[in-house]
Structure formats: structure tokens, C-alpha cells
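*Asks:* Encoded as C-alpha cells, here's the structure I'll be asking about.
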Amino acid sequence: MGAQERESVLITERRKTPFFKKELKPIEVKASKKISELLSEMSRTGFQGRKLGEVIEVWEEMLRDDVVIFFGYAGSMSTTGQWKIVNWLIKNRFIDVVVSTGANISEDILEAMGGTYWQGHYLVDDEKLAEYKIDRFYDVFADEMEYRRMENLIADFMMELESDRKYSSAEFLHLFGKYLSNLKIKSIIATAYENNVPVFCPAIVDSAYGIAYLVNRVRSGGKFDLTIDQMRDFEQLVEIKRKAKDTSVIYIGGGVPKDFIQLTAIGSSITGSGEYGEPRPHKYAIQITTDAPHWGGLSGCTFEEAISWGKESKEGRNVQCYCDATIALPIVAHALAERIDKRERTPDLSWLFTEVE
């Protein structure tokens with residue numbers, strides 16, 4: 001046997017190692033290729049391209065399973081043109097429960113009302129912007145007067161609520177969604193209302209909603225009162241988890257929405273006697289984030305770390321893609337549109353709003 005033959009035999013033997021299980025496949029360029037096809041090919045490559053390809057695989061598995069899908073929506077993504085994607089996900093019931101920052105479910109209203117966000121630049125004279133009453137989100141500009149118009153709309157709605165009632169944020173936003181839907185303002189929460197998708201906002205005051213509350217306090221000489229009960233929020237979110245056969249999580253960013261959802265795995269384990277039972281981990285988990293795990297914050301926390309808490313399942317499909325959501329979310333949503341015509345099973349969560357309807 002020659003040297004080359006011996007080398008070939010050795011390489012063949014080495015391929016039997018347990019570490020060589022799945023071949024990497026290079027991507028071939030093809031003009032007619034669909035986005036979903038490209039992502040499938042990316043899933044057979046490496047680094048974050050591979051992870052982005054795996055995101056669509058896991059999301060598709062969720063949609064074919066009998067699960068409640070929680071969607072954590074952090075940061076200020078709606079100002080970058082992402083909110084209509086979220087509307088589409090809600091309409092198609094590719095998500096069942098939204099947990100958002102206050103920014104994402106107020107700043108979309110500005111555009112839904114007919115306002116405009118503008119492409120700007122991050123290298124700009126910000127004092128000059130302040131002089132012109134222009135607000136900057138990195139390289140996106142907003143008209144402060146349109147922003148105030150949106151805040152005043154929220155304030156007007158708040159005045160219609162019962163002052164002696166404690167609302168969860170989901171109940172408050174359900175009623176506001178109805179209000180906006182009647183006005184034909186097709187924002188995220190209006191779309192959620194129309195499709196019986198609850199929206200929670202565990203830090204709602206940190207946004208235009210907090211400003212709107214203060215506007216009413218001043219207008220009323222301190223008589224206006226409104227209570228958003230965050231403890232009731234968590235209780236309701238945990239109840240959704242309790243009633244579900246299985247649950248899945250999708251996180252765009254991290255922050256408070258992520259931890260609020262993650263903690264349902266622990267909260268739902270508390271028994272009728274108040275004792276701790278076994279955690280009920282989420283069956284599938286997806287996160288798209290730019291936060292790294294080595295800083296110790298929750299936004300970058302890996303799902304492997306979450307397994308130690310019982311928040312994610314070791315046997316489940318968990319994938320984290322370290323990528324800017326403004327890149328990843330549009331690509332993944334279009335791939336879903338190509339792959340999934342209809343979700344067969346969707347949970348009915350309308351029971352959550354029986355007390356406010």
C-alpha cells in the first residue's frame with residue numbers, strides 16, 4: 001500500500017470519531033434562490049450565519065408543535081421599521097403572547113397615526129437637533145412634535161379608564177388596543193387586540209406611557225389616578241404558562257421582557273400550598289441579541305446558563321444568534337412567510353380579558 005493510500009485509509013478511519021457527525025456545506029450563489037433556502041444552507045455553515053439558519057428551523061418546529069409562543073420584544077426596534085413585522089407575526093399567530101418594552105409599543109403608534117421617522121446620521125450636531133426639536137435614535141430622527149402628539153393620544157385614552165381599578169398592563173393595553181383599532185390606528189397593540197394576543201409591558205412607565213400619565217396628573221391638578229399592577233401582570237403571565245401544555249420563547253434583544261418571560265418557568269412551579277415544585281422549562285428557545293454572556297447580564301445570558309435555573313429544557317431546541325435584530329428579524333420573517341402557509345393550532349387566550357370586556 002502506497003503512502004497516499006495509507007493516508008486515505010487513515011482519514012477514513014478518523015471520520016468515525018464521534019466529533020465528525022455533520023458535514024459543513026459551502027454556499028453556492030444562485031440568483032433565483034429563496035431566502036428560506038439560503039437560511040437552510042446557512043444552517044449547514046458556521047458561526048452566526050449557522051445560528052441564524054437554525055433560528056428559522058427552531059421557529060418552524062414551534063409552529064408545528066402544540067405550544068404557546070412567548071415573544072420578548074426589547075429595546076427601541078419599532079423606530080427602525082420593525083413594527084409591521086411584529087404586526088404580521090401577530091396576524092399569522094406565529095407568536096401568541098407579546099412582552100415588550102414601553103418604547104416598542106408606543107413609538108410604533110407615531111407612525112401608525114401618520115407620523116414619520118427619518119433616516120439620519122449618528123455623526124450630527126445634537127445641539128442643533130435639540131434646537132429644531134428633533135429626537136435622535138442613533139441614525140434615525142423623529143419629530144418631537146409628532147412624538148408629543150402620540151403621547152397626548154395615550155393621555156386622552158387614559159382619561160377614559162376607571163380610576164378606582166387596578167389594571168394589569170395586559171388589560172390596560174388590551175383596552176388601548178381596542179381604542180386604537182376603533183380609530184383605525186393599526187399599531188402593534190391594535191393588531192394584538194384584533195387577534196386576541198395579550199401584550200404585557202413590565203416596565204411600562206419607562207416610556208411615553210409614563211409621560212402621558214404625568215400629562216394627565218398636571219391637567220387634572222393632581223386628581224387623575226391610574227394604577228398598573230405589575231404583580232398582577234406577573235400572576236397573569238404565569239397563569240398562561242400554567243395552563244399551557246408546553247411553551248416556547250423568542251427573544252428579540254433581552255432586558256426586562258426576557259426575564260419576565262423566563263421567570264414563568266419558576267413561577268408556574270409554585271404549588272397550591274405555596275411550596276416550590278419542579279420548574280417547568282420552556283420547550284424551545286430562540287434569542288437574537290448583540291449582548292455577550294461574559295458581562296454577566298441577562299440580555300447576553302446563554303440558554304445553557306438558564307438550564308441551571310430550570311428555565312430552559314436540556315432536551316429542547318435552544319438557539320442563540322448574536323446579530324443585530326434589524327438584520328435578523330426581517331430575514332427570518334420573510335423565510336417564515338415562504339415556509340409556513342398557516343399555523344394549524346393556536347391557543348385561545350381570550351379568557352385573560354373577561355374582567356375588562
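*Asks:* Looking at region 306-341, which of its residues are in contact with an Asp or Glu (Cβ under 9 Å, 6 or more places away or on another chain), open to solvent by 10 Å² or more (accessible area, probe 1.4 Å) and acidic (Asp, Glu)?
*Replies:* Glu338
*Asks:* Give me the pairs: first residue in region 192-213 and closer than 27 Å to Thr346 by Cα and open to solvent by 10 Å² or more (accessible area, probe 1.4 Å), second residue among the basic types (Lys, Arg) and not in a strand (DSSP E or B), beta-carbon distance under 7 Å, and six or more apart or on different chains, which are they?
*Replies:* The qualifying pairs are Tyr193/Lys178; Asn195/Lys91; Asn195/Arg93.
Residues are listed down the side, and each one gets a yes or a no for (1) assigned to a helix (DSSP H, G or I); (2) aliphatic (A, V, I, L, M); (3) within 17 Å of the chain's Cα centre (by Cα):
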{"site": "Ile189", "(1), (2), (3)": "yes, yes, yes"}
{"site": "Gly210", "(1), (2), (3)": "yes, no, no"}
{"site": "Val215", "(1), (2), (3)": "yes, yes, no"}
{"site": "Val218", "(1), (2), (3)": "yes, yes, no"}
{"site": "Asp225", "(1), (2), (3)": "no, no, no"}
{"site": "Lys241", "(1), (2), (3)": "yes, no, yes"}
{"site": "Pro257", "(1), (2), (3)": "yes, no, yes"}
{"site": "Gly272", "(1), (2), (3)": "no, no, no"}
{"site": "Arg280", "(1), (2), (3)": "no, no, no"}
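*Asks:* Right, next: Mind checking which residues of region 37-53 are surrounded by fewer than 20 Cβ atoms within 10 Å (Cβ to Cβ), assigned to a helix (DSSP H, G or I) and not aromatic (Phe, Trp, Tyr)?
*Replies:* Answer for region 37-53, where residues must be surrounded by fewer than 20 Cβ atoms within 10 Å (Cβ to Cβ), assigned to a helix (DSSP H, G or I) and not aromatic (Phe, Trp, Tyr): Glu37, Leu38, Ser40, Glu41, Gln48, Gly49, Arg50.
*Asks:* Give me the pairs, please: first residue somewhere in region 1-12 and open to solvent by 80 Å² or more (accessible area, probe 1.4 Å), second residue anywhere and at pLDDT below 80, beta-carbon distance under 8 Å, and either six or more positions apart or on two chains.
*Replies:* Pairs found: Met1/Val9.
*Asks:* Would you mind telling me which numbered condition in (1) touching a strand residue (DSSP E or B) at 6+ places or on another chain (Cβ under 6 Å); (2) at pLDDT 95 or above Gly316 fails?
*Replies:* (2)
*Asks:* Go through region 294-324 residue by residue and tally those that are within 30 Å of Ile270 (Cα to Cα) and either under 19 Å from the mean Cα position of the chain (by Cα) or aromatic (Phe, Trp, Tyr) (or both).
*Replies:* Kept after step one, since they are within 30 Å of Ile270 (Cα to Cα), are these residues of region 294-324: 296-320.
Adding the requirement that they be either under 19 Å from the mean Cα position of the chain (by Cα) or aromatic (Phe, Trp, Tyr) (or both) leaves 297-303, 306, 309, 311-312, 317-320.
Of the residues in that region, 15 qualify.
*Asks:* Can you pull out the residues in region 192-205 that are at pLDDT 95 or above and either under 15 Å from Leu110 (Cα atoms) or assigned to a loop (DSSP other than H, G, I, E, B) (or both)?
*Replies:* Taking region 192-205 first, the residues at pLDDT 95 or above are 192-202, 204-205.
Result: Asn195, Asn196, Val197, Pro198, Cys201, Pro202, Ile204, Val205.
*Asks:* When you scan region 97-174 for helices (runs of 4 or more DSSP H) that lie fully inside it, which ones turn up with 1 or more residues that are open to solvent by less than 10 Å² (accessible area, probe 1.4 Å)?
*Replies:* Working: elements: 107-112, 126-131, 144-158.
Counting at least 1 such residues, we get 107-112, 144-158.
*Asks:* On to the next question. Scan region 280-305 for residues that are in contact with a Phe, Trp or Tyr (Cβ under 7 Å, 6 or more places away or on another chain) and surrounded by fewer than 22 Cβ atoms within 10 Å (Cβ to Cβ) and jot them down.
*Replies:* Result: Thr290, single match.
*Asks:* Please work out which residue is nearest to Glu312 (Cα to Cα), limiting yourself to region 66-89 and to residues that are assigned to a loop (DSSP other than H, G, I, E, B) and open to solvent by less than 30 Å² (accessible area, probe 1.4 Å). If you could, list the steps in order and put the result at the bottom.
*Replies:* Filtering region 66-89 for residues assigned to a loop (DSSP other than H, G, I, E, B) gives 66-67, 74-77, 81-82.
Narrowing further to those that are open to solvent by less than 30 Å² (accessible area, probe 1.4 Å): 67, 74, 82.
Working: Val67: 14, Ala74: 20, Gln82: 27 Å.
Only one residue fits best here, namely Val67.
The values are calculated or read from the model by the stated rules, or taken from the named source; none is laboratory data. Everything numeric in this text was worked out from a predicted model, so none of it was measured. Every residue, glycine as well, gets a Cβ built from its backbone with ideal geometry; the counts of neighbours run over all protein chains shown. Note: accessible area is taken over every heavy atom of the protein model, side chains too, but ligands, DNA and RNA are not part of it. Shrake-Rupley method; radii C 1.70, N 1.55, O 1.52, S 1.80 Å.
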